[in-house]
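The values are calculated or read from the model by the stated rules, or taken from the named source; none is laboratory data. Model, not experiment: these values are computed from the prediction. Here Cβ is always computed from backbone atoms with ideal geometry, including for glycine, and neighbour counts include all displayed protein chains. SASA here: full protein model, heavy atoms, side chains in, ligands and nucleic acids out. Shrake-Rupley method; radii C 1.70, N 1.55, O 1.52, S 1.80 Å.
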Amino acid sequence: MTIVSELNDLAWWQKTIAYEVYPKSFLDTAGKGTGTLAGITQKLDYLQKLGVGALWITPCYKSPMVDNGYDVADYYHIDPSFGTMADMDELIARGRERGIRVVMDLVFNHTSEECAWFVESCSSRENDKADWYIWRDAKPDGSAPTNWRSIFGGSAWEWCEERQQFYLHTFAKQQPDLNWENPEVRKALFDIANFWVGKGVGGFRIDAITYIKKPSVFEDGDVDGADGLSAVHAATANTPGILDFLHEFKAAVRDGHDIFMVGEANGVDASELDQWVGERGVFDMLFEFSHTLIPMHKSEIWCRKVDWTLTDLKRVLVASQEATAKNGWYPAFWENHDQPRSTVNYFQCDGSLAKKAKVLGTVLLTTRGTPFLFQGEELGYGNAPWRSIDEFDDLSTRNQYEFALGEGFDEAGALAACVRYSRDNARTPMQWDASEHAGFSVGEPWLPVHDDYEACNVAAQEANADSPLAWYRRLASLRAEHPVLVAGDWNELMTDDEQVFAFERRLGDARAVTLANFSNKQAAYDPALVKGLKPITQTTLGELQPLESVVFV
Ligand code: GLC
């Protein structure tokens, strides 16, 4: 009884598995070398077999694609490279038939410089949209209003000849920041979201949302790099007053609809979570990045590799679990389109990528929260073997390369840092089969297909019962069969162990234990931890083989 009611208390998006598609790299049905919406529709059966119920698609609106769609020119139209609005309607409808709801990505901190709003705003200081972006005069010496560095590198200000003023861009200069102080801007954005609610989407991922509120006074920050600039993040992330805007957003878009909103929330501290999610909050879930920062840039300078331990990683994962047990709900993820591949990122030992992918999948699919998979994660890709900086497409990676050179790295060192951390590692085409271009496209792919595609692809893994894909499908079914894995409490076990991440789930009388060996050495655990439970795979009680993970239910 209790188990059933605990499960019934959860919303559909808490009980399902979410999957992120980077549409440019998923499947091309038009032979142009870039993915299409029709390609996603074609793969709905594949997603259904993975237990997916929420399908987050990164921006596919009309865009000049400077940042692959995160520079939106028109939020009411699909970019022709992806197809048409009819293709989107078809995807939403066919998805619903399979219990898969489309989740749109709302880029509301900024637009593209080609958005009609910005074109008008630029044209003079007195037009209908004059105040829709963040405009400031130059300093008396003609330089930028502040010394802020944009997230993609270089000044966060760009000069506009027509207006004789600077505009602010938190990201690339082609991504001018909107002025949320203006109620007309907010209304225009909420109208867009409601247009998509009307299309029947299941929710929204909200991009870069912590930057929408700017400080009331703009001043120089402390210089924190060899370029003489100061990170814009320090000046503008999570500024007081931001929650007022977001409550208005929630009331206008979320309330009264059976949808969810997950915010991308760089800069929100666990201590503030109750104001951001849950009963008093503004979102259903928040992506926070504390665990991705452990292997990536625990040091001040992202490109300097740092040593970290499994317990460092466990501490932040546990903190997120504890915080979301009190407020809101946890969106569990290892990967997204901005991260390198997890099989490389979260391990410091050598060993099979397939085994590493299974270790990560075991944790992700049995932890408390909604698991968010990123395309290809279920196959266990590694990072791609980039050979030169010219092979990268991502504008952020190119800027990071320059930044690393500025920090005193030589060319080989700067390249090595980009190979390790580049967002393009996530963006190589999805590997469907062993045919040319991995079955992604009959045309020349926009980004090279990973060298390993002949061995690592969906078709090969479907035929192999021991593959990462088979394991992810198995775990998805397990989750569906055992309410404890969805609605159960979460408690860490073996807290200080440097090899094993272990936790238990409890719901009424039901209990499940996950044990994941992140090292390539044998590890031991106390069999009493799993007393009365059965392993879902063959295993030696009390012992974990190198990179072995197991669930007991
Ligand atoms: C978010 C997106 C990233 C994009 C940036 C600017 O961080 O995830 O891909 O480049 O916002 O929109």
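A few remarks follow.
- Angle in degrees between helix 353-366 and the longest Cα principal axis of the chain, rounded to the nearest 10: 90 degrees
- Farthest toward positive dipole pole in the stretch 334-421 [+1 Lys/Arg, -1 Asp/Glu at C-beta], among Gly413, Asn383, Asn399: Asn383
- When the stretch 155-198 is reduced to its Cα atoms, the Kirkwood hydrodynamic radius in Å: 12.1 Å
- Trypsin sites (Lys or Arg not before Pro) within the stretch 375-437, DSSP loop, no more than 11 other Cβ atoms inside 10 Å: Arg387
- Relative intensity, log₁₀ I(q)/I(0), of the stretch 376-520 from a Debye sum that treats every alpha carbon as a point, q = 0.18 Å⁻¹: -1.03
- The string of couplings for the stretch 126-136 from the Karplus curve (6.51, -1.76, 1.60, θ = phi - 60°) is 10, 9, 4, 10, 4, 9, 8, 10, 9, 9, 9 Hz, one whole number per residue in order, with x for Gly and Pro.
- With the simple model of a label 7 Å out from the Cα in the direction of the Cβ, Ala30 to Asp220 spans 4.8 nm.
- What the Cα atoms of the stretch 490-552 give is an Rg and a Dmax of 11.1, 35 Å.
- DSSP-assigned coil residues among trypsin sites (Lys or Arg not before Pro) in the stretch 496-553, each with at most 16 further Cβ atoms within 10 Å: Lys521, Lys531
- Rolling a 1.4 Å probe over the protein heavy atoms of the chain, with every protein chain left in place, gives an accessible area that is 49 percent carbon and sulfur.
- Measuring nothing but how far apart in sequence close Cα pairs (under 8 Å, 6+ apart) lie, relative to its length, the stretch 490-552 scores a relative contact order of 31 percent.
- The chain: relative contact order as a whole-number percent, Cα under 8 Å and 6+ apart: 13 percent
- Compactness of the chain - radius of gyration and Dmax, Cα, Å: 23.3, 75
- Using θ = phi - 60° in the Karplus curve 6.51 cos²θ - 1.76 cosθ + 1.60, the 3J(HN,Hα) couplings for the stretch 488-496 round to x, 5, 10, 9, 6, 10, 6, 3, 9 Hz; x is entered for Gly and Pro.
- Accessible area expressed per residue, the chain, with surrounding protein chains retained (probe 1.4 Å, Å²): 38 Å²
- Tilt relative to the chain, helix 395-406 - C-alpha long axis, 0 to 90 degrees, to 10: 80 degrees
- Measuring how big the stretch 435-553 is from its alpha-carbon positions, Rg and Dmax come out at 18.2, 56 Å.
- Once exposed loop GluC sites (Glu not before Pro) are cut out (DSSP; at most 11 other Cβ, 10 Å), longest piece of the chain: 301-553
- Qualifying trypsin sites (Lys or Arg not before Pro) in the stretch 58-153, DSSP loop, other Cβ atoms within 10 Å at most 15: Arg98, Arg125
- Helix-only mean residue ellipticity at 222 nm for the chain, each DSSP H run of n ≥ 4 adding -39500 (n - 2.57), per residue, nearest 500: -8500 deg cm²/dmol
- Here the spin labels are modelled as points 7 Å beyond Cα on the Cα-Cβ line, and at Ser143 and Glu436 they lie 5.5 nm apart.
- Selection from Thr540, Pro371, Met261, by position along the positive dipole direction of the chain (Cβ): Thr540
- For the chain, a simple Cβ point-charge model (Lys and Arg +1, Asp and Glu -1, everything else neutral) yields a dipole of about 1700 debye relative to the Cα centre.
- In degrees, nearest ten, helix 183-198 long axis to first principal axis of the chain (Cα): 40 degrees
- FRET efficiency estimate (nearest 0.05) - Cβ-Cβ, Asp390 to Glu161, R0 35 angstrom: 0.65
- Amide H within-cut-off set for Leu373, under 5 Å, with H built and near neighbours excluded: Ala18, Tyr19, Glu20
- Most to least accessible of Asp89, Asp177, Asp9 (protein chains only, probe 1.4 Å): Asp9, Asp89, Asp177
- Note, ³J(HN,Hα) from phi for the stretch 28-42, Karplus 6.51, -1.76, 1.60, rounded to Hz, x at Gly and Pro: 9, 9, 10, x, 9, x, 10, x, 10, 5, 4, x, 5, 4, 4
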